[in-house]
Every structure is written in structure tokens, then in C-alpha cells.
1. Can we say Y179 is part of a helix (DSSP H, G or I), buried (at least 18 other Cβ atoms within 10 Å of the Cβ), of a type in the set (S, T, Y) and on the phi < 0 side of the Ramachandran plot?
2. Just give me the residues in the stretch 1-43 being in a strand (DSSP E or B), more than 18 Å from the chain's Cα centre (by Cα) and charged (D, E, K, R), in sequence order.
3. Give the residues of the stretch 72-84 that are crowded, with 24+ Cβ neighbours inside 10 Å and basic (K, R), sorted by residue number.
4. Considering (1) farther than 18 Å from D135 by Cα; (2) in contact (Cβ under 8 Å) with a residue 24 or more places away in the chain, say which one H31 fails and leave the rest.
5. Anything in the stretch 44-58 that is surrounded by 13 or more Cβ atoms within 10 Å (Cβ to Cβ) and either part of a strand (DSSP E or B) or without any contact (Cβ under 8 Å) to a residue 24 or more places away in the chain (or both)? List them, or say none.
6. On the given criteria, is S131 loosely packed, with under 13 Cβ neighbours inside 10 Å, touching a strand residue (DSSP E or B) at 6+ places or on another chain (Cβ under 9 Å) and of a type in the set (S, T, N, Q)?
7. Check E143, E106 and return the single one that is within 15 Å of the chain's Cα centre (by Cα) and more than 15 Å from L73 (Cβ to Cβ).
8. Testing A69 on (1) within 30 Å of K177 (Cβ to Cβ); (2) crowded, with 19+ Cβ neighbours inside 10 Å; (3) of a type in the set (A, V, I, L, M), one condition comes back false. Which one is that?
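Only the coordinates and a few stated rules stand behind these numbers; no lab work does. All figures in this text were calculated on a predicted structure; none of them were measured in a lab. Cβ coordinates were reconstructed from backbone atoms using ideal geometry, including for glycine residues, and neighbour counts include every protein chain displayed.
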Amino acid sequence: MEIEKTEIEGCFVVTPKVFADERGQFFESFHHEKFKNATGLNVSFVQDNISVSTKNVIRGLHFQKGEFAQAKLVQTIKGKVLDVVVDIRKESPTFGKHLKFTLTEENRKQVFMPKGIAHGFVVLSDEAVFSYKCDAYYHPSSEAGIFYADEQLEIDWQIDMNDAIVSSKDQELPTLKSYFDAISIGDRG
């Protein structure tokens, strides 16, 4: 297993060692001790989620806030996606910065993101099966997000945006600035 740091603190690219022969493939998708030794992080995943999406579907940018914030390890099981992480930790030197990763069933790359990261992806293949390992359970009251087409973030989703398939819920998410302005106003109240 190869683990690489990224420009965003606490965010890593994990590439498992794949053993392939005429029968197919085998790889260890996660190993707690190896991950802990390489990153210094002691993460315990408690929930696995799978999404199945068609070409041009954009999901995101999602996160959970407060005590139910989640660290995640994501990977593509089938197909190809462009994975996007955005640092939304106000105290971080990379606040507002985004990174993109191409995750495919061929390269088997995974992305680990710490709490305080908004996450989304777009499907570049005809269909994609996408896996999320989370270190906290999903809580609807803690659900939040940032608008995927926020001009301040300048994310190139690498598709014709006229072809994008986005849920009405994700289309109504606030921009990064609006989200934090609303929190500041709420803190004053």
C-alpha cells in the first residue's frame, strides 16, 4: 500500500498493491495498522456506503458538520470518476482550496479526507459504483454542503456542464462564502 500526502493537510491518496493473474485481481483495500503507521492517524470506520451513478452525475459537495463530522476513505469500485475535495476548515492554510483526483477501477486509487472537507465527484464513465468508508454515522441533522458550481472555487468538473445531472437538493446548496456568512450571522444571534 502506497500512501501519498497531498497539498491539503490530512488528505492522502492511497494506492493499494494489486495482485493480478489470469484469474483476475486481489488487493487489500484498507489495512488499519499500515494506514496508521504511514499517516499517524488512528481512524476507525463505522459505516460503509455505496452509490451507483450514471455518466455526468455530479454528487456534492457534501459534508457533515459539528460533532457528527466525518473522515472518509473513498474509491471507485467500477467505472471512472473525477473526485473533488474542498478544504472548508476556516483555520486551515488551504481553506477554500480544492484538489481533484481521477479514481478508476483500473488504478484502484483511493482518497482519504479528514473531517472538515467537502466532497463530491462526477461520473466520467457510463456508470460508476463508488464506495465511501466513514468514521462517523450519518446524521440527517448534521448534513451540509457547498454548491458544486461555486464560482469562487473554480472547479473544472471536466464535463460539459449542460450535460451535468445534479439533484435539486445539490443545486440549492449555498456557496462557500454564503455558508460561512450564515454561520457567522447565526453565531451573533
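1. The answer is yes for Y179.
2. Scanning the stretch 1-43 gives E2, D21.
3. Selection gives K72 alone.
4. (1)
5. Hits for the stretch 44-58 are Q47, S51, V52, S53, V57, I58.
6. No: the conditions fail for S131.
7. Going through E143, E106 in turn, just one is within 15 Å of the chain's Cα centre (by Cα) and more than 15 Å from L73 (Cβ to Cβ): E143.
8. Evaluating A69 over (1) within 30 Å of K177 (Cβ to Cβ); (2) crowded, with 19+ Cβ neighbours inside 10 Å; (3) of a type in the set (A, V, I, L, M) leaves (2) as the failure.
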